[in-house]
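Below is one structure; the comments refer to it alone.
The values are calculated or read from the model by the stated rules, or taken from the named source; none is laboratory data. This structure is a prediction, so every number in the text was calculated from the model and none was measured. Here the Cβ positions follow ideal geometry from the backbone for every residue, glycine too, while neighbour counts run over all protein chains shown. Just so you know, the surface numbers come from the protein's heavy atoms only, side chains and all, with ligands and any DNA or RNA stripped out. Shrake-Rupley method; radii C 1.70, N 1.55, O 1.52, S 1.80 Å.
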Amino acid sequence: MNREKVLAAVVIVAILGLAFNYYTQHYQGGEIYEAANHAFGLLTKGFNVTITVETVEGKTVTGTLLSVQGSTINIISDGKVLSVGGPSATKEDLRARLIKVDHHGKVYVYELPPRLGEMSGIIDNITVDAYSERFSGIIYIEGEISPIQLGMLKYRADYLSYGSVTINQVSGNGAVISTNMVPIEFLKEYLGDYRVYLYGTLSVNSEERNLPLKIIEVRTG
């Protein structure tokens with residue numbers, strides 16, 4: 001086999017590999033219920049979902065799926081929350097002619113045993129090459145932390161991602177919070193300098209298993 005044929009074979013294999021790990025589903029604007037249900041199903045499994053909208057005006061907008069409310073799809077695009085409706089929508093920000101729902105890889109759900117230390121160091125140790133990593137569990141925070149700081153984390157998780165934070169206790173000596181599917185970068189941003197004790201599960205949307213932790217479940221799209 002000559003060099004050109006070998007190169008062609010390598011290119012074909014690479015393209016097929018991308019095809020197997022990158023999934024796109026197209027919907028007409030009138031099929032927004034179907035698009036919303038499919039996208040939300042992926043989101044609840046832990047996938048990082050990208051929505052591309054071609055509007056009836058001919059504009060193309062791409063964003064990360066945030067939430068779904070009935071037939072309305074909410075995305076974050078360029079730092080702004082935008083609502084997407086069907087072609088006849090009157091209240092949403094975008095009227096869709098075509099909707100594309102994209103996701104990658106699989107979701108590996110790991111058991112995260114108890115860890116004690118500075119939050120930034122803990123996060124660095126579990127950060128891998130992934131489309132998203134989300135933590136669900138309990139976090140004990142040592143030292144004085146203001147309700148405002150925790151409120152900012154809660155707002156970011158509850159309203160700017162598919163996740164939630166419950167503030168269980170706050171005192172002069174620390175705080176206890178519960179998290180559900182909170183992006184780990186949020187935890188590092190708001191709690192990075194605090195000494196914490198945490199445990200729970202880590203949902204990692206990636207192409208392969210890449211953490212030396214016990215796997216609870218592997219989810220596909």
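Binning all Cα-Cα separations of segment 78-148 at 10 Å, short to long from zero, yields these whole-percent fractions: 12, 28, 23, 23, 13, 1.
What translational diffusion coefficient, to the nearest whole µm²/s, does segment 118-185 have by Stokes-Einstein, given a Kirkwood radius computed over alpha-carbon pairs, a temperature of 37 °C and 0.692 mPa s viscosity? Show your work: numbers first, answer last.
Values: Rh = 12.5 Å.
Calculated translational D: 262 µm²/s.
Share of the chain's accessible area from carbon and sulfur, percent, 1.4 Å? Let's see the in-between values first.
Values: 6210 of 11790 Å².
Carbon plus sulfur share of accessible area: 53 percent.
Over the chain, accessible surface divided per residue gives 53 Å², non-protein components excluded, 1.4 Å probe.
Under the rule a/c < 1.5 gives rounded, and otherwise a/b versus b/c splits prolate from oblate, where does segment 147-221 land using the Cα gyration tensor? Since a/c reaches 1.5 and a/b is larger than b/c, the shape of segment 147-221 is classed as prolate.
Longest segment of the chain with no GluC sites (Glu not before Pro) in a DSSP loop having at most 16 other Cβ atoms within 10 Å? For GluC sites (Glu not before Pro) (loop position, at most 16 other Cβ atoms within 10 Å), the longest site-free span of the chain is 58-143. Could you compute the longest span of the chain free of trypsin sites (Lys or Arg not before Pro) located in DSSP loops and having at most 12 other Cβ atoms within 10 Å, not counting the site residues? In short, 92-213. Name the shape class, rounded, prolate or oblate, that the alpha-carbon gyration tensor gives for segment 177-221, where a ≥ b ≥ c are the square roots of its eigenvalues, rounded holds for a/c under 1.5, and otherwise prolate holds if a/b is larger than b/c and oblate otherwise. Prolate, since a/c reaches 1.5 and a/b exceeds b/c.
Taking 28 Å as the straight-line reach from the Cα of LYS45, the lysines in range (excluding those fewer than 8 positions away in the same chain) are LYS80, LYS100, LYS106, LYS154, LYS188, LYS214.
Just check segment 57-104 against the gyration tensor rule for me: Cα atoms, a ≥ b ≥ c as the square roots of the eigenvalues, rounded for a/c under 1.5, and otherwise prolate or oblate depending on whether a/b exceeds b/c. Since a/c stays below 1.5, the shape of segment 57-104 is classed as rounded. Based on DSSP H segments of at least four residues, each scored -39500 (n - 2.57), the chain has a per-residue ellipticity at 222 nm of -9000 deg cm²/dmol. On the principal axes of its alpha-carbon atoms, segment 20-100 has extents of 33, 25, 22 Å, going from largest to smallest.
Report the full-extension gain for the segment VAL81 to LYS59: residue separation times 0.36 nm, less the Cα-Cα distance, to one decimal in nm.
Values: separation 22, 0.36 × 22 = 7.92 nm, distance 1.68 nm.
Once the chain is fully extended between VAL81 and LYS59, it gains 6.2 nm.
For ASP102, the solvent-accessible surface computed with a 1.4 Å probe is close to 10 Å², ligands and nucleic acids excluded. Summarising the label geometry, the points placed 7 Å from Cα in the beta-carbon direction at VAL128 and LEU160 lie 2.7 nm from one another.
Of the options (i) 1.24; (ii) 0.94; (iii) 1.06, only one is Rg/Rh (Cα atoms, Kirkwood Rh) as computed from these coordinates, and that is (iii).
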